[in-house]
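S.K.: First, the structure itself, so that you have it in front of you.
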Amino acid sequence: MAGVSPAQADSVLSGLSIIESQITKGRAPKTGYTRAQFGQTWADVDRNGCDTRNDILKRDLTAEVFKEKTRECVVLSGTLIDPFSGETINFVRGNVSSMEVQIDHVVALSNAWQTGAFKLSIKDRTAFANDPLNLLAVKGRLNSQKRDGDAATWLPPLKSYRCDYVSRQIAVKIKYKLWFTAPEKEAMVRILKSCPEKPLPTS
């Protein structure tokens, strides 16, 4: 199943079946990794006139207020129900206040680099870094706490969200043909055994 797309996986197998079938490998060296290897930060890859950060804020927040004359692109404020903690966070754009809500790469960039993304083209790495499937608006402090952890080293404190979180990581790694480490796979299997029929997300 290593080359199956999330859409195919969704209709054929559960996330548990897919992760159980994966062959594991150790992490490659971090040598050569920089943020620049994943292209422009928050690029407008879908060419809708908005950068990716604002696209995700618009998708994940409610009661958004937009900056005037930005075609409802730049989010000035809104409310986030943080998926990692379940907390309600009021987002207000500002040099300091913006950090209260951050955009998490569900599969962290350096984690991706060490599990196969170093082999991808810069175009594919840019797509990975800006893919809505791999992005969530979350509580800033928890995003900072996670750093580049995988499922073996960090999981959302809200236990009821862990199946969704791990399923999303699997979908992203399958889509970009990244591999899983043995501890990561073990952690994912453990989580998904509580929701064995859960399909992978496709968006």
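Just so you know, all these numbers are worked out from the coordinates, no wet-lab data involved. If you're wondering where the values come from, they're calculated on a predicted model, not measured in any experiment. Methodologically, a virtual Cβ is constructed for each residue, glycine included, from the backbone with ideal geometry; neighbour enumeration extends over all protein chains shown.
S.K.: Running a GNM on the chain with Cα contacts under 10 Å, which residue among D82, D46, D131 ends up with the highest mean-square fluctuation?
M.R.: Answer for the Gaussian network model of the chain: D46.
S.K.: Further question: How high is the FRET efficiency between S98 and F118 when r is their beta carbon distance and R₀ equals 35 Å, given to the nearest 0.05?
M.R.: 0.70
S.K.: Amide H neighbours of L76 under 5 Å, at least 5 residues apart or on other chains, H built in the peptide plane: list them.
M.R.: Correct list: V65, F66, K67.
S.K.: Where in the range 123-203 are there GluC sites (Glu not before Pro) that are in a DSSP coil and have at most 10 other Cβ atoms within 10 angstrom of their Cβ?
M.R.: E197
S.K.: Can I ask one more? Springs between alpha-carbon pairs under 10 angstrom, Gaussian network model over the chain: which of Q22, Q145, Q102 fluctuates most?
M.R.: Result: Q145 has the largest fluctuation of those listed.
S.K.: Using a Gaussian network model on the chain with a 10 Å cutoff between Cα atoms, which of N111, N90, N48 fluctuates the most?
M.R.: N48
S.K.: Report, in whole Å, the centroid distance computed from the Cα atoms of the range 171-191 and the range 30-109.
M.R.: 25 Å
S.K.: I would also like to ask the following. Collect residues whose amide H, placed 1.01 Å from N in the peptide plane, falls under 5 Å from the amide H of F180; neighbours closer than 5 in sequence don't count.
M.R.: K25
S.K.: Which whole-Hz couplings ³J(HN,Hα) result when phi for each residue of the range 18-35 is put into the Karplus expression 6.51 cos²θ - 1.76 cosθ + 1.60, θ = phi - 60°, listed in order with x for Gly and Pro?
M.R.: Those phi angles translate into 5, 5, 5, 8, 7, 7, 9, 9, x, 5, 6, x, 7, 3, x, 6, 9, 4 Hz.
S.K.: In addition: Using 32 Å as the Cα-Cα cut-off, could you pick out the over-long pairs in K25/K123; K67/K185; K69/K146?
M.R.: Among K25/K123; K67/K185; K69/K146, the Cα-Cα distance tops 32 Å for K67/K185; K69/K146.
S.K.: Report the relative contact order of the chain, percent, no decimals, based on alpha-carbon pairs under 8 angstrom and at least 6 residues apart.
M.R.: 33 percent
S.K.: Using 0.36 nm per residue of separation minus the Cα-Cα distance, give me the extension gain between A152 and T202 in nm, one decimal.
M.R.: Fully extending the segment from A152 to T202 adds 15.7 nm.
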